[in-house]
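Below you'll find the structure, written out as structure tokens, and then a few comments.
The values are calculated or read from the model by the stated rules, or taken from the named source; none is laboratory data. It should be emphasised that the depicted structure is a prediction, and the values quoted were computed from it without experimental measurement. Glycine gets a Cβ as well: all are built from the backbone with ideal geometry, and neighbour counts include every protein chain shown.
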Amino acid sequence: MNIHKRFMFHFFGQLILTVIFIGALVMTLFATIGFLVMEEEVKDDLSIAGSLYFSSNVEVDGRNVHFKEELKTLVREQNGWLIIYTTDGVPIGSYLTPKRTEEELLKEGTGTDYHYWDLDLPDSQTYVLIYGKKHPNRNLIQYVREDIKWSQGRLSLTEDTMQRMKKENAWVQLLDSNGKVVDDYGTENEPDSYSFRNLLNLESKENVSTFIDEKSKQKILVGIHSYQTLPSQKRNIFKAFTSGGLILLLILFTLLILATLWHARKFGLPLLTMMKWIKNLSDGVYEQPLDDQEHPIMLKKNGRLKRKYRLYKDLITNLSQLTETLHHNKRHEKQMIMTREEWISGLSHDLKTPLSSISGYAHMLESAAYTWSKEETMEFAGIISEKSEFMRELLDDLTLTYRLKNQALPISKERTEMNEIVRRTVIQYINDQAISDKEILFEPYDGSLYAEIDPKWFQRILDNVLANAIHYNPSGTKITVSLQSIEHHLIMITILDNGKGMDTETLDKLFQRYYRGTSTTKTTSGSGLGMVITKQLIELHGGSINVTSTPGKGTKVRMIVPV
């Protein structure tokens, strides 16, 4: 999978995770808001609370009951009371409970609402909690009913009833059958008449109690001015949503910071590491960034990429290849510099020998202190000519190697019969009386072999290889030159001798510049660049050369060129 697809799948996965996370966050937010709304509603009405709320606010130690301060505050504010019983009906604790027996409390149905819960407390016992909520308006309506003159259509409140109403900050209205107010007490902004819908709305409110006289069809309304009613829930819900919004903003801000840190680690850190890697390459340090233990930062101990770097696998692979290439080039450059220095050093050494000879014989010839004979003069001239020819050959070969290296050698290929060009080269050496101590054989291919070659430079290839086989082997050496066809696509030229062979060191350095396998002080013809030139020329023809040798058994040179 390429880096484009990897990024696509990665971000698609991130999108899915983000949607799931946002969904979970929204559900959590609504659950939190619901909890907050419930908490606010409990502050107005304890009767809607769950048993878990009371279990967390009540502690029982044997027969001692302790109510937490938060619960006691709510009970006081809501004009209620608490009492706890065992499952056997034995009361063990209470708060603000009226001084009456249980039977009396349960019979008092007009002025108090009762709610109960089973509490599961840490002592592994179950208790029953009763919460009673007093409604003063329901109690007051009992007293008001006894003071009304129904036949006269007016209130006739006793002093005791009025005191009770003042204490509770209550009001009362007497309505006729049409809903018109005929008498009232303690009213402030209450209307003078009520429609049927208004009366229905009043009956749904906790702070207003009603009673209808069946005979006269008159109605009593008793209400409390300062009593908290259900509309306060709107304020509670708004408060809960406000709190939830603040929590959501805080969560989102925290998530933004965490997401920033995560993305910086997920995307930024790998990019910074690769930028450091590129900086190392520009500074000539051809290796991956390392940690304090000199181990690559991006790799595990088992050599595999760490998870946060896998997204950039293709890029890291390319950087690794570039690093290896640059490192290889650096090593090759150092080797070339060292080889060039050795080459120049050896070349200078070999040039000094013929130059010394030329200079010495030249001084001898120009000396006036001695008269040389014609024979001596001819001998000196021959030596000077021989040394000059050696220097010329050395410089020509040096120039040729540089032209081949820089691909500046003009080559003109033509269709050539290979048996013929090899045969002419072999006959040239067979007819040379100077090397009559060697046995040279030619084994042509049975048929015609044609290849696209440059005859001039291919002749040079054959000359170099045969010259080495002749000059570096002792008398009596047998040299065999043969041609073969490989599946009609390749031509193989083999030059095999049974001479002294070469050791491993000589074989390894055979194709290095300026290496002849002999001492530089030995007066052997040749520049030491022959095999280097041979290899370069063979490769220029699209072929290859391979040399195998065993000391004391001989050498085999195999050259392959395409048909």
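Among the residues in the stretch 283-294, are any within 18 Å of the chain's Cα centre (by Cα) and either part of a helix (DSSP H, G or I) or in contact (Cβ under 8 Å) with a residue 60 or more places away in the chain (or both)?
no
What residue, among those in the stretch 253-311 that are of a type in the set (Phe, Trp, Tyr) and at pLDDT 80 or above, is farthest from His327 (Cα to Cα)? Spell out how you get there, then give the answer.
Step one: of the stretch 253-311, the residues of a type in the set (Phe, Trp, Tyr) are 253, 262, 267, 277, 286, 309.
Retained after the next criterion (residues that are at pLDDT 80 or above): 253, 277, 286.
On the way: Phe253: 48, Trp277: 13, Tyr286: 6 Å.
Looking at residues that are of a type in the set (Phe, Trp, Tyr) and at pLDDT 80 or above, I get Phe253.
Within the stretch 456-467, can one find any residue that is exposed (fewer than 14 other Cβ atoms within 10 Å of the Cβ) and within 16 Å of Glu417 (Cα to Cα)?
Scanning the stretch 456-467, I find at least one residue that is exposed (fewer than 14 other Cβ atoms within 10 Å of the Cβ) and within 16 Å of Glu417 (Cα to Cα), so the answer is yes.
Taking Leu46 as the residue in question, decide whether it is within 15 Å of Tyr114 (Cβ to Cβ), touching a Phe, Trp or Tyr at 6+ places or on another chain (Cβ under 9 Å), at pLDDT below 85 and of a type in the set (A, V, I, L, M). I'd like the intermediate steps shown before the answer.
Details: within 15 Å of Tyr114 (Cβ to Cβ): yes; touching a Phe, Trp or Tyr at 6+ places or on another chain (Cβ under 9 Å): yes; at pLDDT below 85: yes; of a type in the set (A, V, I, L, M): yes.
So Leu46 fits the description; yes.
Scan the stretch 302-315 and give yes if some residue there is surrounded by 15 or more Cβ atoms within 10 Å (Cβ to Cβ) and without any contact (Cβ under 8 Å) to a residue 12 or more places away in the chain, otherwise no.
Yes: the stretch 302-315 contains one or more residues that are surrounded by 15 or more Cβ atoms within 10 Å (Cβ to Cβ) and without any contact (Cβ under 8 Å) to a residue 12 or more places away in the chain.
Given the criterion under 30 Å from Glu379 (Cβ atoms) and surrounded by fewer than 15 Cβ atoms within 10 Å (Cβ to Cβ), identify the matching residue among Ser345, Ser320, Ser282, Ser356.
Ser356
Name every residue in the stretch 486-499 that is in contact (Cβ under 8 Å) with a residue 60 or more places away in the chain and either more than 24 Å from Leu409 (Cβ to Cβ) or surrounded by fewer than 20 Cβ atoms within 10 Å (Cβ to Cβ) (or both), in order of residue number.
Ile486, His488, His489, Leu490, Met492, Thr494, Leu496
Hand me the list of helices (runs of 4 or more DSSP H) wholly inside the stretch 409-508 holding 3 or more residues that are of a type in the set (A, V, I, L, M).
Correct list: 418-430, 455-471.
Taking the condition of being part of a helix (DSSP H, G or I), out of contact with any Lys or Arg (no Cβ under 7 Å at 6 or more places or on another chain) and surrounded by fewer than 18 Cβ atoms within 10 Å (Cβ to Cβ), how many residues in the stretch 139-161 meet it?
Narrowing the stretch 139-161 to residues part of a helix (DSSP H, G or I): 139-147, 159-161.
From the residues that got through so far, the ones that are out of contact with any Lys or Arg (no Cβ under 7 Å at 6 or more places or on another chain) too are 139, 141-142, 144-147, 159-161.
Pick out the ones that are also surrounded by fewer than 18 Cβ atoms within 10 Å (Cβ to Cβ) and you get 142, 145-147, 159-160.
Of the residues in that region, 6 qualify.
Let me confirm something: among Leu255, Leu248, which residue is under 22 Å from Thr28 (Cβ atoms) and in contact with a helix residue (DSSP H, G or I) (Cβ under 6 Å, 6 or more places away or on another chain)?
Only one candidate passes the filter, namely Leu248.
Could you list all residues from the stretch 62-73 that are among the acidic types (Asp, Glu) and in contact (Cβ under 8 Å) with a residue 12 or more places away in the chain?
Glu70
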